[in-house]
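Q: Got a structure here, written out as structure tokens. Questions coming.
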Amino acid sequence: MDFTLSTRQGRIGTVVEVAGDLDMSTTPELGDRLREVVQSGAQSVVVDLSGVGFMDSSGLGILVVAYKDLRERGGSLVLAGVAPPVRTVLSITSVDRVIDVFDTVDDAEEASRVS
């Protein structure tokens, strides 16, 4: 499967949709996109990982960096649509205790609206 990224305006913020494996060869592209989104002034970012079947430590690292960048700017980053193999990586590393994980983008946006 090819790696693709798309960015769209969601109901309450920016949604970054990721499809394909998130590994050392594709993580830099996601990192660049997330930096662009943060630098453009986004306050609420949902990373839709529903199209990601595999993520290694480089993917994990870039999500944590983006989370910290947004938090320092008073914003938030959450994950949505996380497949079981990726959810396992998040759980083993306890990243899911820091970055909120939702079943769908709609769930993530609804939770962000309430907070």
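No value in this document is a laboratory result; all are computed from the given coordinates. Note that the structure is predicted; figures quoted are calculated from it, not measured. When we count neighbours, we look across all protein chains shown, and the Cβ atoms used for this are built from the backbone with ideal geometry, even at glycine.
Q: Below 8 Å between Cα atoms, with a sequence gap of 6+, how large is the relative contact order for the chain in percent?
A: 26
Q: Find, to one decimal place in angstroms, the Kirkwood hydrodynamic radius of the range 44-99, where the mean of 1/r is taken over every pair of different Cα atoms and then inverted.
A: Evaluated on the range 44-99, it is 11.4 Å.
Q: Another one. With charges set only on the Cβ (+1 for Lys and Arg, -1 for Asp and Glu), what does the dipole of the chain come to about its Cα centre, in debye to the nearest 20? Show your work: numbers first, answer last.
A: Values: 10 positive and 18 negative charges, 81 e Å.
Dipole size: approximately 400 debye.
Q: Can you tell me the dipole magnitude for the range 44-99 around its Cα centre, using point charges on the Cβ only (Lys, Arg +1; Asp, Glu -1), in Debye to the nearest 20?
A: That gives the range 44-99 a dipole magnitude of about 140 debye.
Q: Quick one: what are the phi-derived ³J(HN,Hα) couplings along the range 15-21, Karplus 6.51/-1.76/1.60 with θ = phi - 60°, whole Hz, x for glycine and proline?
A: Values per residue, Gly and Pro as x: 10, 9, 9, 10, 9, x, 6 Hz.
Q: Provide the gained length on full extension for the span Ser57 to Asp106, in nm with one decimal, where the gain is 0.36 nm per separating residue minus the Cα-Cα distance.
A: 15.0 nm
Q: Let me ask another. Suppose only helical runs count, i.e. DSSP H with n ≥ 4. What mean residue ellipticity at 222 nm does that imply for the chain under -39500 (n - 2.57) per run, divided by all residues and rounded to the nearest 500 deg cm²/dmol?
A: On the way: 4 runs with 48 residues, N = 115.
Rounded to the nearest 500, it is -13000 deg cm²/dmol.
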